[in-house]
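The next block holds one structure in the form of structure tokens; read it before the comments.
The values are calculated or read from the model by the stated rules, or taken from the named source; none is laboratory data. These figures come from a predicted structure and were not determined experimentally.
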């Protein structure tokens, strides 16, 4: 049996393969293999298609980089930490925007006590319009808004509707 075996350096290229760099970063790699036949007799007699066998062996060696479980876990934790960091940055930016809005609102109310008074009353109304809502308002806020008399009158009116406080009970008929 005779066969021609090229003993020059041969190049074989590979399409993109997934592998890891030395610092464990997954990358896609295009590769070129440079190889030559040292033992012509073995190449001709012991391997059916030595060129294909060399190509497959090189591709297999390139793919033979499996990510260990511990490394996958570490990479997962790193990715989670990165996402959490991004979420905190977004939350911080939102807080800054809110603070800026409050600062602008404060400028609007600074020279307009009537607008501030109306805003405070609206906040009370919004808080109390929910059924069963309870709102604690510092007495200084009630006094500064001039709501002491207003709240007292509202409480008195409500108590008269419920129990008839201050009315004459002898004229009422009980059924």
Residue that is at pLDDT below 90 and within 30 Å of residue 76 (Cα to Cα), where the choices are 46, 17: 17
Candidates 74, 57 - the one that is at pLDDT below 90 and assigned by TED's automatic domain parsing to the domain that holds residue 15: 57
